[in-house]
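The values are calculated or read from the model by the stated rules, or taken from the named source; none is laboratory data. The structure displayed is predicted, hence computed values, not measured ones. Note that we place each Cβ from the backbone using ideal geometry, even for glycine, and neighbour counts take in every protein chain shown.
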């Protein structure tokens, strides 16, 4: 009731404009919760097991990498309860998978998309037989990423998010200014030395 | 002759600038015809049977969802008659399918892309054995979408088109302002009640 | 050392700001080298044989069409040497393949992506058994494109690059103004005549 | 009532979402009426005599050049009737006069700005003693502009509107593509000849 | 020392990249303090008395309306201490006063601009003889604005900020969607009734 | 003839499309010449003596600061020779002076604007009695700017140009990333020490 009615107590005699102001703040609050994942400077891996519905899709599209088990399914459910999804799916999903016909099919019909189709369209980049192997895969990937230079990894995440929202020319200008400082990090000689000596480099905390 | 020559009667002694002004209005007119499909507030499903060539591709990329029979093919034919496509294909196709290498191959060579490849790259989201089953599939999908809240469906279409053309941050701001009003629709309690009682809700005309 | 340290001689007592200015010019120079491929008015086909690593990926994503042999692999190697890729991969790869989960997996882990996956995700649009057949395929494609109107082909390339970096509405306005002049080319009647007479048209140099 | 209530007949039992859809179309219609002035390819001169209030300000900010008599005043009246101006003033006025403090003062307080201040802040570029001399001045300016090449004048208007809404770099690219064709007009040699011979050139209709 | 050195404790052996990350968060924090003024939904009036230097200019350019006494001066002081202003002046000042030559003069030379020039260029919209009369003027203006519909005033502020950062076309679309709901406020009939009866309307809290 | 006809030799039988390609490269070349001034990392002061016409206006609007003698005049002459100005005036002038009515008056009528009006509208920020005093004023200003930290001055120029072409929010993000490195310059302690000891600081070459 509350959620679908636009959040918070409805006040006696409140006019439409005031309802809209109140609901606007309410939606902003939900949006920010999911955008916080995107703003996390470290890569975030979503591992989906079984049902991922409505706000679940909003959440995983704000993550960097998506994995799932083969008994998973995904459903942009919002039209079935009378609203356009408003906390990220409609904004991020079309940029996560480059397939507008599928995106609109999913968002207009609210049908379930099963794991195999999700893998084939790129919503997830790996599909696993079961939850346990997926969690092992996710942890192995997380460890691998964590073993690398945080300057390199976090710069990469910032650059990819910037690139998504700008032209190639603007993106190149951003990374040029960014790396003009970052190329002076000690992580570069440490990484090169590590590669030559086959010993894992130890990077300072960022 | 007329079409390819830039439209309308050429006037005696018309200079280049004036030819260009005349042709510009002519192209604008064609573009608007296809953009009208995109501006239609209701989802539009394209069902392709056999050849979809040149302006056909311009038209279907302005639709929301694309289906085809397995004997269909698609051809961005314009370079073969000496021009760059100018009524939508070059603008929309790369955003419809996230595969720049394929898009450029198709647009530079004017080769035919057959149904299986069109399905695999996402130009169409379903492929059917024959025209009849496709039309049944298209009608079923249309009915399914039509059974849902028009406030939800039309808001979803507007949001997806806005998202395609803006950053994620701008897109989120748009849907926040939009849903601040739309979440107060009667379609939400009607949809929820319909789901609980298993009876199809009846929505007012939008 | 030089490259990774940000380019050029480090000067005695140079402060951070001055190092950054020096490195910024250095990165700009590298970026421009790859962007030159994108600025080439004629389509550029990349034919990849075996390893395509780091700057190799920066380079091929600035090309129009990508082909590879089935023993090729691709690797966004930069995080392994402590930096975020800064000469094009992070800006262009996500627009070349519409699959954010895969892009981030590749860029954060620096893992190898082999030819089959590169074909399936659309990084390359054709995969060949061996180098020789690939080079024949690439040359055949190049000849096919070169046989077509240069006004049409170069306009198409300009339009696709413009479209990638703008909204659909801005893209349509651009091609409208562009074709308002280009539709008056002699290449159109020549192309039409060629198609009718089955004789290859001869276009003037552009 | 009608106008302020959002346009058109309110229907029995109409929910908020449906009211908003109806009102949205209503506002769009008003906006388009004023934007039509901006879309007119020929320069439009507004000559203001006495009161210019509310929609009057929306209208004149969509014009190219503004003149007034010294007994004129201007008033962004909308807050006084409970609404934010929505047919152009808030979008165009700050770009017409580069003085944000004044714009917000005018729009928040709905105070009258008299002719002298309007001249000093640039809202009008000429102030006249009386209506008759203003109309003569406006007609003289219109005749002067009409005596010049329509290719030059209309291209200038298009370029200025484009420049207002884009970065300098985008603006330069636009005029480059535009003039690539327009510089081939016969109006250039005619204009040059006219200047040399002191005889007014006669330009073809555009 | 702290402020100018980029904020926070410098850690032993911290490399350039890590210094930059730390300083970046530090600058973001300062920026947000001033942007908070712009985000305040109610108009903010700055009343400047005597010196307004450095961060003072950052602060007042984030306000809506600026007033000053005639013994005030304004100084973009940052270059004198070795840095480019980074908490708003360089971004907002050129949009607050439409005079690039003056803006660059002020920002490159760090010279003082006295009240009369500040009034003439539009940095302030009113100049007062002394602090007391300015504060009375500011309070009178604040009371006047506060007597008006908050739906109208806050929508106006949001629209002006949106307009500053978007094209006219985008701005019109925003206010159209916004007012589609806001025109249904009770503040409109209340305002109209108030104007007719000459009695101040009482608006509900927003 | 050459210039106005679009540059370079016209080739026998060249079609419209080919003329346009040739002219486009020709205009790009001219534009780049003026944009080079804007790209110069150091502030550029234009000192105008007497007539500043056509390309002269293109040139000075690409400069940072404009001065003139009181016998100067400015004329956007292009419409008088049959073309829309295409090397910068139409893009930069409206952003240099915040007065659209005046800009359009000047650009449509090609009338002369004399020094006093140029000072009043902000095209120039100082007006001098004669050339000699202007050159002294310009040199004094240049010396003053040159005495300050080059890190501060050049960062300020980059930030102002970025701000002109982006939203406030984008501009703040840019300066945040930029100063995250630049605040570590030795120019800051040197500047502060210089201010305290009243001795001009000596900055390293940038």
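Of note:
- Residue D:165 falls short on exactly one of the conditions (1) outside the structural domain of residue D:46 (by TED's automatic domain parsing); (2) touching a strand residue (DSSP E or B) at 6+ places or on another chain (Cβ under 8 Å), and that condition is (2).
- In the stretch E:33-50, the condition of being in a strand (DSSP E or B) and out of contact with any helix residue (DSSP H, G or I) (no Cβ under 9 Å at 6 or more places or on another chain) is met by no residue.
- Residue in the stretch D:145-162 that is touching a strand residue (DSSP E or B) at 6+ places or on another chain (Cβ under 9 Å) and on the phi < 0 side of the Ramachandran plot present: yes
- From the list E:7, E:13, the one residue that fits, being over 30 Å from residue E:130 (Cα atoms), at pLDDT below 95 and either away from chain A (no Cβ under 14 Å) or in contact with a helix residue (DSSP H, G or I) (Cβ under 8 Å, 6 or more places away or on another chain) (or both), is E:7.
- Pair list, Cβ < 6 Å and 6+ apart or interchain, from the stretch F:21-39 residues that are on the phi > 0 side of the Ramachandran plot to residues that are in a helix (DSSP H, G or I) and surrounded by fewer than 17 Cβ atoms within 10 Å (Cβ to Cβ): none
- Residue E:82 passes every criterion in (1) in contact with a helix residue (DSSP H, G or I) (Cβ under 7 Å, 6 or more places away or on another chain); (2) surrounded by fewer than 19 Cβ atoms within 10 Å (Cβ to Cβ); (3) at positive phi apart from (2).
- Residue satisfying all of: in the stretch F:134-145; in contact (Cβ under 8 Å) with a residue 60 or more places away in the chain and touching a helix residue (DSSP H, G or I) at 6+ places or on another chain (Cβ under 8 Å); farthest from residue E:107 (Cα to Cα) among these: F:141
- Test: residue F:119 is in the same structural domain as residue F:54 (by TED's automatic domain parsing) and without any contact (Cβ under 8 Å) to a residue 60 or more places away in the chain: yes
- All positions within the stretch A:99-141 that are in a loop (DSSP other than H, G, I, E, B) and at the interface with chain B (Cβ under 10 Å from one of its Cβ atoms): A:110, A:111, A:122
- For the stretch B:52-71, the set of residues classified as surrounded by fewer than 17 Cβ atoms within 10 Å (Cβ to Cβ) and out of contact with any strand residue (DSSP E or B) (no Cβ under 6 Å at 6 or more places or on another chain) consists of B:71 only.
- Residue A:84 being closer than 27 Å to residue B:195 by Cβ and not in a helix (DSSP H, G or I): yes
- Residue among A:158, A:183, A:144, A:172 that is facing chain C (nearest Cβ under 7 Å), closer than 30 Å to residue B:95 by Cα and modelled with pLDDT of 95 or more: A:172
- Among the residues of the stretch D:60-96, those identified as within 9 Å of the chain's Cα centre (by Cα), within 14 Å of chain E (Cβ to nearest Cβ) and farther than 17 Å from residue D:110 by Cα are D:62, D:63, D:64, D:96.
- In the stretch E:189-206, the qualifying residues are those that are touching a residue at least 12 places away in the same chain (Cβ under 8 Å) and part of a helix (DSSP H, G or I), and the one that is farthest from the other protein chains (Cβ to nearest Cβ) is E:190.
- Hits in the stretch C:149-167 (condition: touching a residue at least 12 places away in the same chain (Cβ under 8 Å) and not in a helix (DSSP H, G or I)): C:149
- Residue D:74 meets the conditions (1) in contact with a strand residue (DSSP E or B) (Cβ under 9 Å, 6 or more places away or on another chain); (2) buried (at least 24 other Cβ atoms within 10 Å of the Cβ); (3) free of Cβ contacts under 8 Å to residues at least 24 places away in the same chain in every case but one. The failed one is (3).
- Checking residue D:100 against (1) touching a strand residue (DSSP E or B) at 6+ places or on another chain (Cβ under 8 Å); (2) farther than 16 Å from residue E:159 by Cβ, the condition it does not meet: (2)
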